[in-house]
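Student: Following this message is one structure expressed as structure tokens.
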């Protein structure tokens, strides 16, 4: 009964999404307040029915209802309860349902927290999101129904969840990633609403900026969690492989980063208006492209779900329709938009423009390396492999250029700035960065390393330029005690949006330090050990003291016990495992980690050799945690910027101005029409 209830709830959600898409849009075009007011209740109703559908599928997993095909293929009676809950999105049908649920949640949030928007603007925004929801709900019902039954031949037990997904990282990684993917639909909807309303002023950017920051922060956390999961779960010890599905999440992140900065310029200076709208279109389009790559079957990856060509065709059609219609609307409205503000070649405006261009070039670089091999294969022109050498050769120099201009940006003024003044403010930062970056490899590794020096130079350049900017912004007018009090007063005046920018840029610097250090100082050895044997790696002694079989809830594990010691320091125990999942018959490596802020010890158990020996991969990975620490700092910076009260004050002011400019007869929905009153 529950699957049928969930299926019916999906049908009702689709009906409400279609009403949400059509009625408010027509109402805004014909200036009918009651029709525009239709958007909010339909949004709430759609979200409510999506929640019901999702809960029905979750209950089917919790109750081991193997008459549902999706449950039978992705669960097992021995599966721990928390993995049963995450198995809801562990494969294609459930992950798309989660996608639709999160989209409904974003629409619900917009309807609640954007009620101060002008009525016509809010109606158009929710209508655009209704169209997106309609497309994905049709996709679920026509090609990816998670509630299909396997009657009358119901299996006695399920096939089990993929062992790769039976991990905490895969409980939290997909929801975070989808929150970012789907969140960019909000800024896309705002851009389309501004185009349809014919008012591409700075107001829509002020309304859209908080939503964009939140979506970008979620996507940042999602990418970091995916990297962390691949690092400790797959057993190879790497943190990024330039896998096409990994690239699918990186593409909207790069475009979204450019969009955040472009929105800031449009709001502050009234420039880049058309460019900002284009970035909003392309960022969400790249989110849809990522959905296509993961769920179309064109890729073979541990992250990819579907292998049904009809599903890929549907998503590709939805992507083409979204991009085509949005670009057509843009071509219709954009020529009427003019930016009257100008700026000099050396200004914060121009530096942000350069950074935007670099981010777009980086996006195109990754996009070509990801899609070009697929196009050749689809056209039967041969198979080629584009791997890390291509991406590293192009992406790393572009990142270095990006960091160079990022260090200049915060210290530059809007409109124009004398070159001498900027050079004077940056001279000390540049000298300190060069000296420290050249000296640290000598102190840490005992020899000079060009790669580490360049990485540290970029990170220090970002950090020191930010420190100089904070110093200048808090400089008091007087010296002495009064001056110190003035500095503290000025420090308190800095807004959350400013501190969010500082934290985000610092996070990138921390990530660069992690990349540089772990790439050049990583120690890796493949060893052969049996109980009673020991080996020295990177100053640590690893002694295998025991080897036994352990019974897990749904697997059997071979577990090695290693006592790890270091001269002059205490020891500890590490227990890597090789697991065999009984239901699926799949083996898995469960690595042993000894984490630390400045280094990780990483041990992966390999295959059994002759004479009872086992192969092990032992790695020392310095500063690897800084990769994910920097990503979390960037995400925290994005969320911190949202807390700025200025956005709420500006939203109220903009709404009041728009109401004052609009005739009361058009937007006053408190009046009842004569037909209804009779």
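No value in this document is a laboratory result; all are computed from the given coordinates. Worth saying up front: this structure is predicted, and the values here are computed from it rather than measured. Note: ideal-geometry Cβ built from the backbone for every residue, glycine included; neighbour counts use all protein chains shown.
Student: Could you tell me what a quarter of the Cα convex hull surface of the stretch 166-261 works out to, in nm² with one decimal place?
Tutor: Numbers: hull surface 26.6 nm².
Orientation-averaged projected area of the Cα hull: 6.7 nm².
Student: Test of understanding: ordering 399, 370, 322 by Cβ neighbours within 10 Å, fewest first, what list do you get? Don't jump to the answer; show the numbers that get you there.
Tutor: Values: 399 17, 370 24, 322 20.
In order of increasing Cβ crowding within 10 Å: 399, 322, 370.
Student: For residue 541 and residue 421 in the same chain, what is the full-extension length gain: residue separation times 0.36 nm, less their Cα-Cα distance, in nm?
Tutor: Numbers: separation 120, 0.36 × 120 = 43.20 nm, distance 5.55 nm.
This chain segment gains 37.6 nm when fully extended.
Student: On a C-alpha basis, how far is the centre of the stretch 85-164 from the centre of the stretch 177-203 in Å? Whole number, if you could?
Tutor: About 20 Å separates the Cα centre of the stretch 85-164 from the one of the stretch 177-203.
Student: If we count other beta carbons within 10 Å of each Cβ, what is the order of 82, 70, 521, fewest first?
Tutor: Working: 82 11, 70 27, 521 18.
By the 10 Å Cβ count, ascending, the order reads 82, 521, 70.
Student: Give me the number: length gained by fully extending residue 398 to residue 550, i.e. 0.36 nm times residue separation minus the C-alpha to C-alpha distance, one decimal in nm. Before the final figure, lay out the partial values.
Tutor: Working: separation 152, 0.36 × 152 = 54.72 nm, distance 4.89 nm.
Here the answer is 49.8 nm.
Student: For an R0 of 41 angstrom, estimate the FRET efficiency from the Cβ-Cβ distance between residue 150 and residue 378 and round to the nearest 0.05.
Tutor: According to the calculation, E is roughly 0.80.
Student: Could you list 550, 625 so that the one with the fewest beta carbons within 10 Å of its beta carbon is first and the one with the most is last?
Tutor: Details: 550 12, 625 19.
Lowest count first: 550, 625.
Student: Right, next: For every helix of n ≥ 4 consecutive DSSP H residues, a contribution of -39,500 (n - 2.57) applies; sum these over the chain, divide by its total residues, and give [θ] at 222 nm rounded to the nearest 500 deg cm²/dmol. Before the final figure, lay out each step's value.
Tutor: Values: 22 runs with 436 residues, N = 678.
Here the helix-only value at 222 nm equals -22000 deg cm²/dmol.
Student: Tell me, rounded to the nearest percent, the portion of alpha carbon pairs in the stretch 570-640 spaced more than 21 Å apart.
Tutor: On the way: 1197 of 2485 pairs.
It works out to 48 percent of all Cα pairs.
Student: As an exercise, find the ratio Rg/Rh for the stretch 37-80 from alpha-carbon atoms, using the Kirkwood inverse-distance average for Rh. Each step should come with its number before you reach the end.
Tutor: Working: Rg = 14.9 Å, Rh = 12.0 Å.
Rg divided by Rh gives 1.24.
Student: Distance from the Cα centre of the stretch 1-30 to that of the stretch 34-81, in angstrom?
Tutor: Measuring centre to centre over Cα atoms gives 16 Å.
Student: Continuing with this model, one more query. Taking the structure as given and computing Cα extents along the principal axes in Å, which label from (1) 99, 65, 44; (2) 68, 63, 56; (3) 91, 82, 57 fits?
Tutor: Correct label, based on the coordinates given: (3).
Student: Considering the zone a paramagnetic label at residue 31 would reach in this model (a point 7 Å from Cα along the Cα-to-Cβ line), which residues of the stretch 198-214 have amide N under 19 Å from it?
Tutor: Only 198-200 pass the distance filter.
Student: A follow-up question, please. Defining a contact as two alpha carbons under 8 Å apart and six or more residues distant in sequence, what relative contact order in percent does the chain show?
Tutor: On the way: 1160 pairs, mean separation 84.4, N = 678.
That works out to 12 percent.
Student: Contour minus end-to-end for residue 475 and residue 438, with contour as 0.36 nm per residue of separation and end-to-end as the Cα-Cα distance? It would help to have the intermediate numbers written out before the result.
Tutor: Numbers: separation 37, 0.36 × 37 = 13.32 nm, distance 3.04 nm.
Length gained, residue 475 through residue 438: 10.3 nm.
Student: OK, next. If one computes the Cα centroid of the stretch 593-629 and of the stretch 555-585, what distance in Å separates the two points?
Tutor: Cα centroid of the stretch 593-629 versus Cα centroid of the stretch 555-585: 11 Å apart.
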